[in-house]
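K.L.:
Input: one structure, supplied below.
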Amino acid sequence: MNNTVILSEEKGKDDQKTAFKEEVFNGLSKSPKSLPSKFFYDDQGSQIFSDITNLDEYYPTKCEYNIFANHKESIISKIPAYGKINIIELGAGDGQKTKVLLEEILKSKRDVEYIPIDISSFAIKSLLDDLKQNFPELKTFGVVGEYSPGLKWVREHKKGRNLVLFLGSNLGNFPQDQATLFLKEIRNALNLDDFLFIGLDLKKDISVLLKAYNDSKGLTSQFNLNLLERMNRELSSNFNLESFKHFGTYDPIKGTMESYLISTKNQKVLFKEDDRTFFFRAHEPIHTEYSWKYTPQESVELSEKCQFGVVDHFTDSKRYFLNALWKAL
């Protein structure tokens, strides 16, 4: 790919398997047991999640798209019109929501370059090929690597003002201390007066949250249980999926949705290749995911902790979701 820089090679299959195994064994050895949510997204898990985003109960994707569609002119107007703009997206995925902004900013005839950063070279190539078809006039450049080094590379090699996109409710997967550390890393990789446009899922009626994470079609349950199935496929374990149930609940003190897999009986699970056995008591949980929720005021407080100033807040028509535009101070 001649319009891409590779800062770090994606791990090979053997290295990925080793890293997966180490984190699984570490998590299942803890009390309480836990598994990292990042491992949800193998090919099967990613397809299930894509199906989840189309459910009536699952609001975040639709709400953020609503924000982009209704506020695209206002969002773009907050970015100074002079000089080049680098639109840098962290973990862009298929870029569907981003295309709404790209189309709007191209209408303004500004000098703009779109730069996605992702650890997957395949994801970068697929996205850039798609954009070439849909926006042939758009300048693009891919960065394969971790977010912070990728941003630093852009700062050092690309002229212009930077607008960083971190969309969806991805920040919500970080516990709040880790979210602060992550955002401080992002800030340290930016120039003064660069911008960050970030998605935050808002606190709302708890019944809405519970329905979103316990959908009527059972897809969220499948999504969680697929993590056990993935271990069976890749790590030669013998989890019986019928002996675990998904449980999603809201903690009003922390302000977070939490997902668990609950063992329905006393049982043991063998990882045959490594001759490792883990014991589960009846009703014992495995924690699989946090999804932290915010208020607009908490967004302001978070920005101040991380040396950003709030430029504006944009919400969907139901005020379920927030996209915040912050400026690096």
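K.L.:
Measure out, as a whole number of angstrom, how far apart the alpha-carbon centroids of the range 209-230 and the range 1-79 sit.
P.N.:
Rounded to whole Å, the Cα centres lie 15 Å apart.
K.L.:
Given a cut-off of under 8 Å on Cα pairs at least six residues apart, what relative contact order in percent is computed for the chain?
P.N.:
Dividing the mean separation by the residue count of the chain yields 21 percent.
K.L.:
Per residue, what volume in Å³ does the convex hull of the Cα atoms of the range 16-159 enclose? Intermediate results must be reported in sequence, preceding the final value.
P.N.:
Working: hull volume 22.5 nm³, N = 144.
Taking only Cα atoms, the range 16-159 has a hull volume of 156 Å³ per residue.
K.L.:
Out of the range 141-186, which trypsin sites (Lys or Arg not before Pro) are coil in DSSP terms and have no more than 16 other C-beta atoms within 10 Å?
P.N.:
Numbers: sites: K152, R155, K158, K159, R161, K184; in loops: K158, K159.
Hits after loop and neighbour filter: K158, K159.
K.L.:
Please state, to two decimals, what the Cα-based radius of gyration of the range 32-84 comes to when divided by 2.2 N^0.38 Å (N = residues).
P.N.:
Rg over 2.2 N^0.38 Å, computed on Cα atoms: 1.75.
K.L.:
Now for a different question. With a ≥ b ≥ c taken as the square roots of the eigenvalues of the C-alpha gyration tensor of the chain, please select rounded if a/c is under 1.5 and otherwise prolate if a/b is larger than b/c or oblate if it is not? Please report the intermediate quantities before stating the final value.
P.N.:
Values: a/c = 2.01, a/b = 1.55, b/c = 1.29.
Verdict is prolate for the chain.
K.L.:
Same structure, new question: Normalised by the empirical 2.2 N^0.38 Å for globular proteins, what value does the Cα Rg of the range 112-230 take?
P.N.:
Working: Rg = 17.8 Å, N = 119, 2.2 N^0.38 = 13.5 Å.
Expressed relative to 2.2 N^0.38 Å, the Cα Rg reads 1.31.
K.L.:
Can you give the longest run of the chain that contains no GluC sites (Glu not before Pro) sitting in a DSSP loop with at most 11 other Cβ atoms inside 10 Å? All intermediate terms of the calculation are to be shown ahead of the outcome.
P.N.:
On the way: sites that count: E9, E137.
Answer - 138-329.
K.L.:
Quick check: from the Cα gyration tensor, does the range 258-329 come out rounded (a/c under 1.5), prolate or oblate?
P.N.:
Prolate, since a/c reaches 1.5 and a/b exceeds b/c.
K.L.:
Determine the relative contact order of the range 1-99: mean sequence separation of Cα pairs under 8 Å and six or more apart, normalised by residue count, in whole percent.
P.N.:
12
K.L.:
Treating each Cα of the range 160-251 as an identical point scatterer and ignoring solvent, apply the Debye formula and state log10 I(q)/I(0) at q = 0.10, 0.12, 0.18 Å⁻¹.
P.N.:
Debye output, listed in q order: -0.46, -0.62, -0.96.
K.L.:
Suppose every Lys and Arg Cβ carries +1 and every Asp and Glu Cβ carries -1, with no other charges. What dipole size does the chain come out with about its Cα centre, to the nearest 20 debye?
P.N.:
380
K.L.:
How would you classify the range 181-329 from its alpha-carbon gyration tensor, with a ≥ b ≥ c the square roots of the eigenvalues: rounded for a/c under 1.5, else prolate if a/b is greater than b/c, otherwise oblate?
P.N.:
prolate
K.L.:
Before anything else, pin down the relative contact order of the range 102-174: Cα pairs under 8 Å, at least 6 apart, normalised by residue count, whole percent.
P.N.:
Once divided by the residue count of the range 102-174, the mean separation gives 30 percent.
K.L.:
Is there a quick way to get the dipole size of the range 177-329? I mean about its Cα centre, with the Cβ of Lys and Arg at +1 and of Asp and Glu at -1; what is the value in debye to the nearest 20?
P.N.:
On the way: 20 positive and 22 negative charges, 96 e Å.
So the dipole magnitude of the range 177-329 works out to roughly 460 debye.
K.L.:
What whole-number distance in Å separates the alpha-carbon centres of the range 255-329 and the range 91-141?
P.N.:
Value for the Cα centre distance between the two parts: 28 Å.
K.L.:
Within 10 Å of each residue's Cβ, count the other Cβ atoms and sort V164, V100, V208 from fewest upward. Write out the running numbers ahead of the final one.
P.N.:
Working: V164 25, V100 17, V208 12.
Listing V164, V100, V208 from fewest to most nearby Cβ atoms yields V208, V100, V164.
K.L.:
Helix-only mean residue ellipticity at 222 nm, the chain, DSSP H runs n ≥ 4 weighted -39,500 (n - 2.57), per residue, nearest 500. What is it?
P.N.:
-12500 deg cm²/dmol, from helical runs alone.
Just so you know, all these numbers are worked out from the coordinates, no wet-lab data involved. Everything quoted here is computed from the prediction, not taken from an experiment. Every residue, glycine as well, gets a Cβ built from its backbone with ideal geometry; the counts of neighbours run over all protein chains shown.
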